[in-house]
Amino acid sequence: MRIGTAERDGERLVVCERDGQLLPLGAPPGTSLRELVERGELPAQPVDDGPLDGARLIAPLRPGKVVAIGLNYLDHIREAAMERPARPLVFAKFPSSVIGPGEPIRIDRSLTQRVDWEVELAVVVGRRMRDVPEGDALAHVFGYTVGNDVSARDLQFGDGQWVRGKSLDTFCPLGPVVVTPDELPDPQTLGLRTRVNGETVQDSSTAEMVFGVAELLAFCSRSFTLEPGDVVLTGTPWGCGEFMDPQRSLAGGDVVEVEVDGIGTLRNEVVEESP
Ligand code: MG
């Protein structure tokens with residue numbers, strides 16, 4: 001099933017996307033997708049009420065935490081001239097950075113001059129995970145969505161700590177929907193790409209991951225608890241602007257599309273702001 005959160009007339013609804021239409025999932029009004037995931041109460045079928053006219057998708061959920069993985073694609077490691085990590089490189093993005101499809105990525109020019117794109121397969125945790133072995137890890141996945149790990153490179157590399165450069169407001173687009181694992185049984189065979197103003201800048205496959213989804217979840221859960229509704233961003237492939245010659249950076253008016261096969265395309269326009 002393809003599950004999302006839609007807004008209509010100021011009301012938020014958990015929806016199912018089918019044949020390009022949004023159908024109500026029959027959850028009680030005001031119930032968020034995260035609450036349904038936490039309670040394990042997701043309806044198996046949309047209610048047969050016909051499509052929701054005038055509804056638009058927003059971020060599928062507000063995660064409790066966003067765990068992110070750096071340097072997890074072999075092609076990205078080659079482009080960055082880095083060493084293959086011996087274990088997953090884990091960092092965090094604050095959940096306050098999450099936005100949904102169609103919402104603007106806002107660049108505050110008093111904070112950063114170098115803003116980059118990173119398409120990522122995003123895993124939504126479905127069941128509490130603490131010290132779960134790799135062989136059981138995928139059974140804890142609620143579903144998969146697309147993430148853009150937008151990064152202020154000057155802050156990321158200048159702070160000595162990545163969290164600020166990765167967590168500026170609007171720097172974590174997620175969506176458009178969450179696809180359940182029955183529709184994506186193997187997360188290591190998915191094409192993923194980024195287009196900036198229609199030009200393809202990233203184009204790879206999750207087969208290039210150094211540590212696969214199951215291994216990442218097991219590794220994280222060995223160190224800290226993953227809660228239902230947490231999101232794990234699994235790293236980005238080659239093609240970031242930072243490593244191009246000359247370097248490239250997002251600017252006001254740019255349109256960034258990140259997509260993962262079988263999930264969909266997440267589109268956000270860039271807006272520049274000064275305080
Ligand atoms: Mg990343």
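The values are calculated or read from the model by the stated rules, or taken from the named source; none is laboratory data. Because the structure is a prediction, the values reported are computed rather than measured. All Cβ positions, glycine included, derive from the backbone under ideal geometry; neighbour counts span all protein chains shown. Ligands, DNA and RNA are excluded from the accessible area calculation, which covers all protein heavy atoms including side chains. Shrake-Rupley method; radii C 1.70, N 1.55, O 1.52, S 1.80 Å.
Applying a DSSP loop filter and a limit of 12 other Cβ atoms within 10 Å to the GluC sites (Glu not before Pro) in the stretch 205-275 leaves nothing.
Evaluated at 20 °C with a viscosity of 1.002 mPa s, what Stokes-Einstein diffusion coefficient in µm²/s does the stretch 56-213 have when Rh comes from the Kirkwood expression over alpha-carbon pairs?
On the way: Rh = 16.6 Å.
Taking Rh from Cα pairs, D becomes 129 µm²/s.
Between rounded, prolate and oblate, where does the stretch 175-250 land on the alpha carbon gyration tensor, with a ≥ b ≥ c its root eigenvalues, rounded for a/c under 1.5, else prolate if a/b exceeds b/c?
Working: a/c = 2.08, a/b = 1.69, b/c = 1.23.
It is prolate, given that a/c is not under 1.5 and a/b is the larger ratio.
Think of the chain as a dipole: +1 on every Lys or Arg Cβ, -1 on every Asp or Glu Cβ, centred on the Cα centre; then among L89, P185, P29, L89 lies furthest on the positive end.
What residues from the stretch 167-201 fall in the zone where the backbone N is under 15 Å from a label point 7 Å along the Cα-to-C-beta line of E269? Only 197-198 pass the distance filter. Which one, C220, F243, V260, projects farthest toward the positive side of the charge dipole computed for the stretch 209-275 from Cβ point charges (K/R +1, D/E -1)? Result: C220. The string of couplings for the stretch 111-122 from the Karplus curve (6.51, -1.76, 1.60, θ = phi - 60°) is 9, 8, 10, 10, 10, 10, 9, 8, 6, 8, 6, 10 Hz, one whole number per residue in order, with x for Gly and Pro. By the scheme Lys and Arg +1, Asp and Glu -1, what is the net charge of all other residues having a beta-carbon under 13 Å from that of G40? Surrounding charge for G40 is 0. A convex hull fitted around the alpha carbon atoms of the stretch 24-122 yields 183 Å³ per residue. The accessible surface of the stretch 138-275, taken with every protein chain in place and a 1.4 Å probe, is 49 percent carbon and sulfur.
Note down the net charge around T31, summing +1 for each Lys or Arg and -1 for each Asp or Glu among other residues with Cβ under 11 Å from its Cβ. Display every interim value, and only then the final one.
Working: positive: R12, R34, R39; negative: E35, E38, E41.
Summing Lys and Arg as +1 and Asp and Glu as -1 gives 0.
Each Lys or Arg adds one and each Asp or Glu subtracts one; over the other residues with Cβ under 9 Å from the Cβ of R248, this totals -2.
About its Cα centre, how strong a charge dipole does the stretch 127-186 have in debye, to the nearest 20, once Lys and Arg get +1 and Asp and Glu get -1 at the Cβ?
Values: 6 positive and 10 negative charges, 57 e Å.
With Lys and Arg at +1 and Asp and Glu at -1, about 280 debye.
Among the trypsin sites (Lys or Arg not before Pro) in the stretch 107-161, those placed in a DSSP loop whose Cβ has at most 16 other Cβ atoms within 10 Å are R109, R127, R128, R130. Taken over the alpha carbons of the chain as equal point scatterers, the Debye sum produces base-10 log I(q)/I(0) values at 0.12, 0.17 Å⁻¹ of -0.69, -1.40. Note on D131 and R56: with the Förster distance fixed at 51 Å, the Cβ-Cβ geometry gives a FRET efficiency of about 0.80.
With r defined as the distance between the Cβ atoms of S205 and E83 and R0 fixed at 30 Å, what FRET efficiency is calculated, to the nearest 0.05? Present the calculation step by step, with values, prior to reporting the outcome.
Working: r = 22 Å, r/R0 = 0.73.
Efficiency, rounded to the nearest 0.05: 0.85.
Where nothing but the Cβ of Lys and Arg (+1) and of Asp and Glu (-1) is charged, how large is the charge dipole of the chain around its Cα centre, in debye to the nearest 20?
Details: 27 positive and 44 negative charges, 143 e Å.
It comes to approximately 680 debye.
Using 0.36 nm per residue and subtracting the Cα-Cα separation, the extra length available between D154 and D108 on full extension is 15.3 nm. Using unit Cβ charges (K, R positive; D, E negative) and no other charged atoms, how large, in debye to the nearest 20, is the dipole of the stretch 20-92 about its Cα centre? Taking the Cα centre of the stretch 20-92 as origin, the dipole is about 400 debye. Between A251 and R12, the modelled labels are 3.6 nm apart [label points 7 Å from Cα along Cα→Cβ]. For the stretch 170-215, the extents of the C-alpha atoms along the principal axes are 32, 23, 19 Å, listed from largest to smallest. Once the 1.4 Å probe is applied to the protein heavy atoms, the chain comes out at 42 Å² accessible per residue.
Loop only by DSSP, 16 or fewer other Cβ within 10 Å of the Cβ. Give me the chymotrypsin sites (Phe, Trp or Tyr not before Pro) in the stretch 214-255 that pass, ordered by residue number. Qualifying residues, ordered by number: F224.
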